[in-house]
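> Just dropping this structure here.
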Amino acid sequence: MLISNDLYFRGYYTVGDSKFTSKTAAVYESWRSNHPIKWHYHNEIFDRFYQDNPPNTLGKHNLEALYRERAQQLRDQYDYLILHYSGGSDSHNILMTFLNNNIRLNEVFNRRHDRVESKIYIPDPYDFSNSNFQSEWDYAALPTIRWLSRMYPEIKITTSTMFDTPVEQVLNDDTFARATHFPGIINLYRSQAVSPTERELRFSGKRIANILGNDKPVVYKKDNLCLMAFVDIGIPNPAIDCSNKESFYWSPELPRLPFEQAYRVYQYYLDNPTDLWVIEKETQLAETATARTKKDTITKRVIYPTTWDFSRFQAVQADTYSTHNSNFIIADKDRIFVDNPEFAKLYDRWVYYYNGWDTKKLRRISAADICTSSVYWLGNFPSES
């Protein structure tokens, strides 16, 4: 029997007195009843930590020590650790935390299906647009994986074979019902990828953890207040065929970690007020690629000061969207797939589900796309004169 911890990993939603594990069902009920939807993500634990550790107690703990503590927690709790590694700053910091502190990591798993994906694009080290997202494999993830294989041969390295799985098994009613948000075509497909080793060990009695690097702290300015929150789109859409999922950063097992990260980000903006515009609430509600790239760059410098090399290739993370066939909207980074005949069945399957949501409900889902947990005050910014 597959033991999963979805509720622990994703939280749950309420609409009035009704409780939902599916955001889709919660949004439908919110639309039907005209009651707001609320997301609950370990509120009781994070609220209690905040009550016991107000902002004036934050900023005194070393972030690298907290990363080490979190890695050791996972090592002590599980028999087999699988890190889902993309080559981005979040998963790379996790990898280096394990390596730098000699904490054993069993496996590094990448969701790229190289046999298929290598045929549909030409790597370009000079194009940082979101549409060139695929090149992160060639210039960020792959060099690290090759280095890891050479220097740490005891760590197993696996990549996905997700496109070998029939599309009906990957994109189905359960997939969409479990989604925390209406995701991009390929992101949802990737989210269903599972390490082959997990399937092999599933009935061995070993405790297996899939470590995910969600997410960077969500910090924003409202009036002169600096606030932080957890947001549901920061939780990856979970694979159905996957056992224990562990958020490295947003874990209730170590609540100090996300608060310390957020407080360091607040301190940066307190010291650099000319950059405050990128965390203005109004900016984030209509965030541009420029604003998001600048915000992410600042955050990485603050929370990953020793593990992230800014010379590493990374495409702009903000999705841009365009119309594709009959007003179907897709992310630019997905276009390389949907324009390729090899993925026609995947595209058709996606459109089938997309069109299954009637227009009024879909608008409602878009409006409710981001749900926040409790909101926490970190401090004030000087009032503008």
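The values are calculated or read from the model by the stated rules, or taken from the named source; none is laboratory data. Everything quoted here is computed from the prediction, not taken from an experiment. In this analysis, Cβ positions are derived from the backbone assuming ideal geometry, glycine residues included, and neighbour counts consider all displayed protein chains.
> Could you tell me which of the residues PRO36, PRO55 is closer than 26 Å to GLN267 by Cα and more than 24 Å from the chain's Cα centre (by Cα)?
It is PRO55.
> Checking the condition within 25 Å of PHE9 (Cβ to Cβ), touching a helix residue (DSSP H, G or I) at 6+ places or on another chain (Cβ under 9 Å), surrounded by 14 or more Cβ atoms within 10 Å (Cβ to Cβ) and without any contact (Cβ under 8 Å) to a residue 24 or more places away in the chain, which residue from VAL108, VAL170 passes?
Every option except VAL170 fails the conditions.
> If the Cβ limit is 9 Å and pairs must be 6+ apart or interchain, which residue in the stretch 205-226 that is touching a residue at least 40 places away in the same chain (Cβ under 8 Å) pairs with which residue that is part of a strand (DSSP E or B) and among the basic types (Lys, Arg)?
Going by the 9 Å Cβ cut-off, the qualifying pairs are ALA209/LYS245; ASN210/LYS245; ILE211/LYS245; LEU212/LYS245.
> Let me ask something additional. Limited to the stretch 92-109, what total is found for residues that are at negative phi and part of a loop (DSSP other than H, G, I, E, B)?
So the count comes out to 5.
> Ok, one more. Can you tell me which residue within the stretch 243-271, out of those that are over 21 Å from LEU81 (Cα atoms) and basic (Lys, Arg), is surrounded by the most Cβ atoms within 10 Å (Cβ to Cβ)?
Out of the qualifying residues, it is ARG264.
> Can you tell which of SER135, SER86, SER118 is among the hydroxyl-bearing types (Ser, Thr, Tyr), in contact with a strand residue (DSSP E or B) (Cβ under 9 Å, 6 or more places away or on another chain) and closer than 24 Å to VAL338 by Cα?
Result: SER86 is the single residue among SER135, SER86, SER118 that is among the hydroxyl-bearing types (Ser, Thr, Tyr), in contact with a strand residue (DSSP E or B) (Cβ under 9 Å, 6 or more places away or on another chain) and closer than 24 Å to VAL338 by Cα.
> Could you pull out the residue among LEU74, LEU105, LEU83 that is closer than 18 Å to TRP308 by Cβ and either of a type in the set (Ser, Thr, Tyr) or modelled with pLDDT of 95 or more (or both)? Walk me through how you get there before you give the answer.
Numbers: LEU74 fails: closer than 18 Å to TRP308 by Cβ; LEU105 fails: closer than 18 Å to TRP308 by Cβ.
LEU83 is the lone residue from the list that is closer than 18 Å to TRP308 by Cβ and either of a type in the set (Ser, Thr, Tyr) or modelled with pLDDT of 95 or more (or both).
> Would you check if there is a residue in the stretch 8-25 being touching a Phe, Trp or Tyr at 6+ places or on another chain (Cβ under 6 Å), aromatic (Phe, Trp, Tyr) and either in contact (Cβ under 8 Å) with a residue 24 or more places away in the chain or surrounded by fewer than 14 Cβ atoms within 10 Å (Cβ to Cβ) (or both)?
Checking the stretch 8-25: at least one residue is touching a Phe, Trp or Tyr at 6+ places or on another chain (Cβ under 6 Å), aromatic (Phe, Trp, Tyr) and either in contact (Cβ under 8 Å) with a residue 24 or more places away in the chain or surrounded by fewer than 14 Cβ atoms within 10 Å (Cβ to Cβ) (or both).
> Select from the stretch 205-231 the residues that are crowded, with 19+ Cβ neighbours inside 10 Å, over 21 Å from ALA291 (Cβ atoms) and either under 11 Å from the mean Cα position of the chain (by Cα) or of a type in the set (Gly, Ala, Ser) (or both) and list them in ascending order.
Scanning the stretch 205-231 gives ALA209, LEU212, GLY213.
> Scan the stretch 28-42 and give yes if some residue there is without any contact (Cβ under 8 Å) to a residue 24 or more places away in the chain, assigned to a helix (DSSP H, G or I), surrounded by 14 or more Cβ atoms within 10 Å (Cβ to Cβ) and of a type in the set (A, V, I, L, M, F, W, C), otherwise no.
The answer is no; no qualifying residue exists.
> Could I ask something else about it? Being more than 16 Å from GLU260 (Cα to Cα) and aromatic (Phe, Trp, Tyr) is the filter here, so list the residues in the stretch 202-221 that pass it.
If the condition is that a residue be more than 16 Å from GLU260 (Cα to Cα) and aromatic (Phe, Trp, Tyr), then PHE203 is the only one that fits.
> Let me ask something else. Give the residues of the stretch 74-91 that are touching a helix residue (DSSP H, G or I) at 6+ places or on another chain (Cβ under 7 Å) and either among the charged types (D, E, K, R) or assigned to a helix (DSSP H, G or I) (or both), sorted by residue number.
Within the stretch 74-91, just SER89 meets the criteria.
> Then there's this: Can you find a residue that is closer than 20 Å to PRO196 by Cα, in contact (Cβ under 8 Å) with a residue 24 or more places away in the chain, of a type in the set (A, V, I, L, M) and surrounded by 20 or more Cβ atoms within 10 Å (Cβ to Cβ) anywhere in the stretch 114-132?
no
> Kindly indicate the residue of the stretch 261-309 that is touching a residue at least 40 places away in the same chain (Cβ under 8 Å) and among the acidic types (Asp, Glu) and also nearest to LEU63 (Cα to Cα) among those meeting that condition.
Of everything passing the filter in the stretch 261-309, ASP296 is nearest to LEU63 (Cα to Cα).
> Working only within the stretch 176-188, note down all residues that are under 18 Å from THR161 (Cα atoms) and either at pLDDT below 75 or outside any helix (DSSP H, G or I) (or both).
Hits for the stretch 176-188 are ILE185, ASN187, LEU188.
> Right, here's the next one. Out of the strands (runs of 3 or more DSSP E) lying entirely within the stretch 274-381, which hold 1 or more residues that are modelled with pLDDT under 75, surrounded by fewer than 18 Cβ atoms within 10 Å (Cβ to Cβ) and not small (Gly, Ala, Ser)? Talk me through it step by step, then tell me what you get.
Numbers: elements: 321-324, 328-331, 372-380.
Here the list reads 321-324, 328-331.
> Can you say whether THR144 is assigned to a helix (DSSP H, G or I) and under 21 Å from ASP90 (Cα atoms), as far as the supplied structure shows? Quick ask: steps written out before the conclusion?
Working: assigned to a helix (DSSP H, G or I): yes; under 21 Å from ASP90 (Cα atoms): yes.
Considered against the rule, which asks whether it is assigned to a helix (DSSP H, G or I) and under 21 Å from ASP90 (Cα atoms), THR144 comes out as yes.
> Condition test on ASP52, is it within 29 Å of THR197 (Cβ to Cβ) and either free of Cβ contacts under 8 Å to residues at least 40 places away in the same chain or not hydroxyl-bearing (Ser, Thr, Tyr) (or both)?
Working: within 29 Å of THR197 (Cβ to Cβ): no; either free of Cβ contacts under 8 Å to residues at least 40 places away in the same chain or not hydroxyl-bearing (Ser, Thr, Tyr) (or both): yes.
Taking the combined requirement at face value, the residue does not satisfy it.
> Another one. Only one of these is under 29 Å from LYS206 (Cα atoms), without any contact (Cβ under 8 Å) to a residue 24 or more places away in the chain and not in a strand (DSSP E or B): ALA65, ALA71. Name it.
Numbers: ALA71 fails: without any contact (Cβ under 8 Å) to a residue 24 or more places away in the chain.
ALA65 is the lone residue from the list that is under 29 Å from LYS206 (Cα atoms), without any contact (Cβ under 8 Å) to a residue 24 or more places away in the chain and not in a strand (DSSP E or B).
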